[in-house]
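The values are calculated or read from the model by the stated rules, or taken from the named source; none is laboratory data. Given the structure is predicted, the values throughout are model-derived calculations rather than measurements. With ideal geometry, Cβ positions are generated from the backbone for all residues, glycine too; neighbour counts draw on all protein chains shown.
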Amino acid sequence: MKLLVIGAGMMGSAAAYDMARADDVESVTLADADGKLAKSAAARVNKLNGNKKIQPVKLDASNYKKAGKLIKGHAAMLSAVPYFFNVGLAKAAIDARCHFADLGGNNTVVRKTYELSKQAEKRGVALAPDCGLSPGMASILAGELFRRMAGKNGRVDALKLYVGGLPEDPQPPFYYQLVFSVNGLINEYVEPAKVLRNGKITQLEPLTETEHFSIPGFPPLIAFHTSGGTSTMPETFKGRVGECFEKTLRYPSHFTMIRSLYDLGFFSSKKMKIGKSEVTPREVTSQIFLDKFTSNAPDVCIMRIEAHKDGRVAAFSMVDHYDPATKMTAMMRTTAWPASIVVQMMARGTIAKRGGIKQEIDIPAELFLSEIEHRGIGIEYALQD
């Protein structure tokens, strides 16, 4: 089968690497608006895999007509470009009868993508928005915990998701490094968090309801609400789960800084006139984050997914580290590889459903766990009575 990745950055190149490792994948097209980036990424990843399966192509993701022509002939594709391209690319994939997945990043865009579900089903296409770490792998595992714990009454008291991408060796004054898209990061900090409270969907202000989080081998962390992490879970589990939320993990001093920037309006998209120029605080903050938070230092991804029922707690836990052999960050491994697995499952028919795919109910979790652990990402299960 032939697969396609649009976006040759950190996540796209890591996904292409994973796809090209599969015996039944004939080729992987890696497309990017920066032709040189696509070529260098393909060459690097082909060398890692010891084959020439990955073929670079120059493509402007905003040119949906050209994208549609490229998509034809591929069994499935992953959008690894900024979220604002995803609806247009999903439409192009449907027209080309190609299964589609993306890395999410914006609640509104994800909702618009799901609105294409009936059209996709008629064309025999599966749409899987919000693949990746969280939402994505975290949602799949939360769904599996629900099934294990729900019992005869089909209910669970709470699903609690805690996820963070952090520097392995945090340094002052920021105690953070950028491990994915800066646009996606700031979106998490500014949009409301969708949760379940008493079985009902509600929205909360981001950067609120902090709680202390501890995991062996790490200093104390802070967990707090951010947007997007629950994706479709509140709708899926409405009335069957009392409480459902996803919280981001950070080092305490970094959270204090981010909350201060939020309160001061540094994430605002409202235009301001400075001299003869018009800019938004968010544009300026994005550039500063890129300048100050970009680092090649090793990172770590921490995830704990919990299901609570009648005093019992079932949990999946993961700590994944930067891999010096492949030079892939923990965030690349735990975001791009889950997305790659879902793309391959759709292409093979392992996911037989067509139309909108929800991570928490439509992905075969046991098989997914086997696939992710086969890739060297360890996930531990524990049940506390």
Among the residues of the stretch 316-361 satisfying the criterion of being under 23 Å from GLU306 (Cα atoms) and of a type in the set (Asp, Glu), which is nearest to the chain's Cα centre (by Cα)?
-> GLU360
From ALA93, ALA80, residue being on the phi < 0 side of the Ramachandran plot and free of Cβ contacts under 8 Å to residues at least 60 places away in the same chain | ALA93
Per the list (1) closer than 22 Å to LYS194 by Cα; (2) in contact (Cβ under 8 Å) with a residue 24 or more places away in the chain; (3) in a helix (DSSP H, G or I), residue check on THR108 breaks on (2)
Name the pairs whose Cβ atoms lie under 7 Å apart, with the first residue in the stretch 155-179 and modelled with pLDDT under 90, the second surrounded by fewer than 21 Cβ atoms within 10 Å (Cβ to Cβ) and in a loop (DSSP other than H, G, I, E, B), and 6 or more positions between them or separate chains?
-> LEU178/THR294
What number of residues within the stretch 231-261 satisfy the criterion of being hydroxyl-bearing (Ser, Thr, Tyr), in contact (Cβ under 8 Å) with a residue 60 or more places away in the chain and in a helix (DSSP H, G or I)?
-> 2
Select from the stretch 6-36 the residues that are of a type in the set (Gly, Ala, Ser) and surrounded by fewer than 23 Cβ atoms within 10 Å (Cβ to Cβ) and write down the one among them that is nearest to PHE180 (Cα to Cα).
-> GLY9
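Residue by residue, here is whether (1) under 20 Å from GLY104 (Cα atoms); (2) exposed (fewer than 13 other Cβ atoms within 10 Å of the Cβ); (3) out of contact with any helix residue (DSSP H, G or I) (no Cβ under 9 Å at 6 or more places or on another chain); (4) not assigned by TED's automatic domain parsing to the domain that holds ARG155 holds:
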{"residue": "GLU191", "(1), (2), (3), (4)": "yes, no, no, no"}
{"residue": "ARG197", "(1), (2), (3), (4)": "no, no, yes, no"}
{"residue": "PRO216", "(1), (2), (3), (4)": "no, yes, yes, no"}
{"residue": "THR226", "(1), (2), (3), (4)": "yes, no, no, no"}
{"residue": "GLU243", "(1), (2), (3), (4)": "no, no, yes, no"}
{"residue": "ARG250", "(1), (2), (3), (4)": "no, no, no, no"}
{"residue": "HIS254", "(1), (2), (3), (4)": "no, no, yes, no"}
{"residue": "SER260", "(1), (2), (3), (4)": "no, yes, yes, no"}
Buried (at least 17 other Cβ atoms within 10 Å of the Cβ) and assigned to a loop (DSSP other than H, G, I, E, B) - does that describe any residue in the stretch 361-369?
-> yes
How many of the residues making up the stretch 172-196 are touching a His at 6+ places or on another chain (Cβ under 6 Å) and in a helix (DSSP H, G or I)?
-> 0
Determine, yes or no, whether ILE274 is under 24 Å from the mean Cα position of the chain (by Cα) and in the same structural domain as LYS160 (by TED's automatic domain parsing).
-> no
From (1) without any contact (Cβ under 8 Å) to a residue 40 or more places away in the chain; (2) closer than 21 Å to GLY184 by Cα; (3) in a helix (DSSP H, G or I), pick out the condition that doesn't hold for PHE100.
-> (3)
Assigned to a strand (DSSP E or B) and either assigned by TED's automatic domain parsing to the domain that holds GLU235 or surrounded by fewer than 18 Cβ atoms within 10 Å (Cβ to Cβ) (or both), is that true of ALA352?
-> no
Do you know which residues across the stretch 242-264 are among the aromatic types (Phe, Trp, Tyr) and in contact with a Phe, Trp or Tyr (Cβ under 9 Å, 6 or more places away or on another chain)?
-> TYR251, PHE255, TYR262
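To keep it simple, each residue is scored yes or no on (1) among the acidic types (Asp, Glu); (2) touching a Cys at 6+ places or on another chain (Cβ under 7 Å); (3) at pLDDT 95 or above; (4) not assigned by TED's automatic domain parsing to the domain that holds SER181.
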| site | (1), (2), (3), (4) |
| --- | --- |
| GLU26 | yes, no, yes, yes |
| LYS47 | no, no, yes, yes |
| LYS112 | no, no, yes, yes |
| ALA142 | no, no, yes, no |
Could you tell me which residue of the stretch 157-183 is surrounded by the fewest Cβ atoms within 10 Å (Cβ to Cβ), considering only residues that are within 16 Å of MET331 (Cβ to Cβ) and more than 14 Å from the chain's Cα centre (by Cα)?
-> ASP169
